[in-house]
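Notes to accompany the following structure.
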Amino acid sequence: MRKVRHLIEPTDFTIKELEDLFELADLIIENPRKYSRQCDGKILVTLFYEPSTRTRFSFEAAMMRLGGNILGFSDPNSSSTAKGENILDTIRIVSGYADIAVMRHPVEGGPKAASLYSKIPVINAGDGGHQHPTQTLTDLYTIRSKFGRLDNLKIGICGDLKYGRTTHSLVKAMSRYENNTFSFISPEELKMPAYICDELNRNGGDQYKEFRTIEDAIGDVDILYMTRIQRERFSDLEMYERVKDSCILTTDKMKLAGENMIVLHPLPRVNEIHPDVDADERACYFQQAENGMYVRMSLLMLLLDETGDFYNGKVLPVNDSMTSVVEMDECRNPKCITGYEPSLKQRFITYGDGTKVCDYCGAVLEKYCTGDK
Ligand code: NCD
């Protein structure tokens, strides 16, 4: 099978490739008509096993604006999933019909598993509470356009850091740039998962601090990235009720922030940003959502350009400290796709310090015996 590039984790692209992608998005915004036939004759398939507005529509709009076509489903019950088909068979089939696939799945590692069985590029549009790399492209593009850089920034991330996949991808992506630091703001119950903090610790240095309130952190950040409490991922709804109003951004709290700070949010919001904040010039979340379409146009063009440098049948760039992929042991994260698809081979990445991480869901082998990530 020929080599195909996928986007499963934000780190699947090098920093240079990300910059190429953002520069192309700049050009598309400057002159969209020039790109209106770039994907002529190409077909995008959208496989959405979970609800979506922005991600699916912006991908579909992106393909249409490039002159391509779309097919897919937004409700798995209208597909053969309802008859019991697994995602591995589904991707095998649709990769014979379409040129590129976008998949959102409730199980961690679902799109990664699909990519191993696919003849066409697979883009992860969100896998459970794990990763959401194309939201991160949108976030990085917005930060880059506001600050003119992606390094030397103080990034506050607030809300549901435990289940919020956008926050995990944002940390992975921004920690690759020099001198970025993070302020994690959340109730104790919704702290950033250990596997993300471990990764930051592996980079060395004091890259993050934890806070319980917005007031304690907002005065010392360049970016405040707000997130929704992910009700659908709580097994204990009483806990959800307890924490759901713990971090709400109001105009009063905005008074404590610097004048050049920006507020981002992947959206949808529930009540975590008061609507009065929308009028503040520092509120950039609607602009961020619009950027998402242009960034996805750029992504589709690059992944479909089999002749360009970007594609070129290259193997995925791997993290420097990553030494090998081994197929032994068993992932113990109960939310990992390996628990749902018995035919999938287990895959672990071993890092230089000996840590072994599941290649599908990111769980560190030794740590997740309790089943808690
Ligand atoms: C996010 C997601 O699906 O993770 N939404 C999005 O894609 N913009 C955030 C969320 O649902 O809270």
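The values are calculated or read from the model by the stated rules, or taken from the named source; none is laboratory data. Note that this is a predicted model, so its numbers are computed, not measured. A quick note on method: Cβ atoms are made from the backbone with ideal geometry, for glycine too, and the neighbour counts reach across all protein chains shown. Surface areas here come from the heavy atoms of the whole protein model, side chains and all, with no ligands, DNA or RNA. Shrake-Rupley method; radii C 1.70, N 1.55, O 1.52, S 1.80 Å.
Couple of notes before you dig in:
- Extending 7 Å from the Cα toward the beta-carbon at both GLU238 and ASN69 defines two label points whose distance is 5.4 nm.
- Computed magnitude of the charge dipole of segment 194-252 (debye, nearest 20; Cβ of K, R +1, Cβ of D, E -1): 220 debye
- DSSP finds beta bridges in the chain, and of those with both partners inside it, around 20 percent are antiparallel.
- In whole percents, the pair-distance distribution calculated for segment 1-135 from its alpha-carbon pairs, binned every 5 Å from zero, is 2, 10, 18, 23, 22, 15, 7, 3, 1, 0.
- Taking amide hydrogens as placed 1.01 Å from N in the peptide plane, the amide H of VAL263 sits under 5 Å from those of LEU224, ALA283, CYS284, each at least 5 positions away in sequence or on another chain.
- A straight chain from ASP220 to LYS83 at 0.36 nm per residue would run longer than the Cα-Cα distance by 44.1 nm.
- Karplus-derived 3J(HN,Hα), 6.51/-1.76/1.60, for each residue of segment 36-48, Hz, glycine and proline x: 6, 10, 4, 10, 3, x, 8, 10, 9, 10, 10, 10, 10
- A straight Cα-to-Cα reach below 16 Å connects LYS154 with the aspartates and glutamates ASP139, GLU178, ASP206, GLU210, GLU215, ASP216, ASP220, ASP222, GLU259, residues fewer than 8 places away in its own chain not being considered.
- Cα-based Lys proximity count in segment 29-148, under 23 Å, for pairs eight or more positions apart or on separate chains: 4
- Per residue value of the accessible surface for the chain (all protein chains in place, 1.4 Å probe), Å²: 43 Å²
- Within the accessible area of segment 74-167, the carbon and sulfur atoms contribute 43%, probe 1.4 Å, all protein chains present.
- Length gained on full extension, ILE93 to GLN287, computed as 0.36 nm times the residue gap minus the Cα-Cα distance: 66.2 nm.
- Relative to one another, the C-alpha centroids of segment 1-70 and segment 234-308 are positioned 21 Å apart.
- Area accessible to solvent at ILE93, 1.4 Å probe radius, in Å²: 80 Å²
- Residues ALA194 and ASP305, FRET efficiency given R0 of 30 Å [Cβ-Cβ distance, rounded to 0.05]: 0.20
- Shape of segment 126-218 from the C-alpha gyration tensor: rounded (a/c under 1.5, with a ≥ b ≥ c the square roots of its eigenvalues).
- The chain: DSSP helices with Cα axial extent of at least 27 Å and average Kyte-Doolittle hydropathy no lower than -1.0: 285-304
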